[in-house]
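Just so it is clear, none of the values below were taken in a lab; they were calculated from the coordinates. In this text, all values refer to a predicted model and were calculated from it rather than measured experimentally. With ideal geometry, Cβ positions are generated from the backbone for all residues, glycine too; neighbour counts draw on all protein chains shown.
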Amino acid sequence: MDIILKENERIDDLEFNNLKIIQNKNGFCFGIDAVLLSDFAKSIKEGSNVIDLGTGTGIVSILLSKKTNLNKIIGVEVQKEVYDMASRSVKLNDLENKIEIINENILNLGSIFKKNSFDAIVTNPPYKKQNTGIVNEKENKLISRHEILANLEDFIKVSSQLLKDKGDFFMVHRPDRLVDICSLMRNYKIEPKEIRLVFSNKNNPPKMVLIKGVKNAKEYLKFRENLYIYKDNNVYTDEILRIYGKIK
């Protein structure tokens, strides 16, 4: 399929099932957190309808489309330019029958979708609170990294509204927000069920947390084994290589 690239855009090979993605080299490009989230969420039941809140360039939705056998994935992206890239990436991979990208703020989804209408939700929201961290960056990077247009509570509240009873919720975030995440999930009837900490290596503190919740579930939390990205020699661990499809 012929895809027209705009200024500063490139097509990156995801090196998984022949998937590719369009990114802007001057914009916010996906990181390993999105790849790990797609792998963490691959337990979503077959035939599910899923919504990806804050899809960015569509990386999680695109990877999930090949890691699972879902009915439909709807990716929601508020930034028009990024939404456009995600939409073209869906076409580039011939996934229009599986993935739909919409240009919308998650705060408006209640007027678009009925309550309790999705089997599962995946989200890789902005990590940083507004007015924290380095803010001298372009607007598109700022919106992707900081809680400018929607904050952590918004993502969890909207997820609770959209999820069916006993629906699954998957999020990747930073460990320093874990208390906030669990507290907000419980406030909005999404019970934390699984947590997995992600480390660069065994000599550093965790840099990410993967968390699964279930709407209106009973209390029971399981910590999964730690996930290490690198061995001591800065080579990917076997598990990371399996996630990237390099080994079986």
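Details
- For Asn204 and Asp13, the difference between the fully extended length at 0.36 nm per residue and the C-alpha to C-alpha distance is 65.8 nm.
- Scoring 29-36, 240-247, 208-215, 107-114 by mean Cβ neighbours within 10 Å over their residues and listing the highest first yields 208-215, 29-36, 240-247, 107-114.
- Dividing the summed helix terms, -39500 (n - 2.57) for each DSSP H run of n ≥ 4, by the number of residues in the chain produces a 222 nm estimate of -7500 deg cm²/dmol to the nearest 500.
- Alpha-carbon Rg/Rh ratio, for the chain, with Rh computed the Kirkwood way: 0.94
- Quotient of Cα Rg and 2.2 N^0.38 Å for the stretch 41-95, N being how many residues it contains: 1.07
- For the stretch 182-226, applying the loop criterion from DSSP together with a ceiling of 13 other beta carbons within 10 Å to the GluC sites (Glu not before Pro) yields Glu219, Glu225.
- Sequence-separation-based contact order of the stretch 9-243, relative, with Cα cut under 8 Å and 6+ spacing, percent: 16
- Dipole-positive endmost among Val214, Asn93, Ile51 within the chain (Cβ charges, Cα centre): Val214
- Computed magnitude of the charge dipole of the stretch 143-248 (debye, nearest 20; Cβ of K, R +1, Cβ of D, E -1): 300
- The 3J(HN,Hα) values that the Karplus relation (6.51, -1.76, 1.60; θ = phi - 60°) gives for the stretch 193-202 are, in residue order, 10, 9, 10, 9, 8, 10, 10, 5, 7, 6 Hz. Gly and Pro appear as x.
- Relative to the Cα centre, the charge distribution of the stretch 9-243, modelled as +1 at Lys and Arg Cβ and -1 at Asp and Glu Cβ, gives a dipole magnitude of about 500 debye.
- Dipole of the chain computed with +1 at Lys/Arg Cβ and -1 at Asp/Glu Cβ about the Cα centre; of Ser159, Ile102, Gln79, farthest Cα towards the positive end is Ser159.
- Summing charges over neighbours of Lys20, with a neighbour being any other residue whose Cβ is under 14 Å away from its Cβ, gives -2 when K and R count +1 and D and E count -1.
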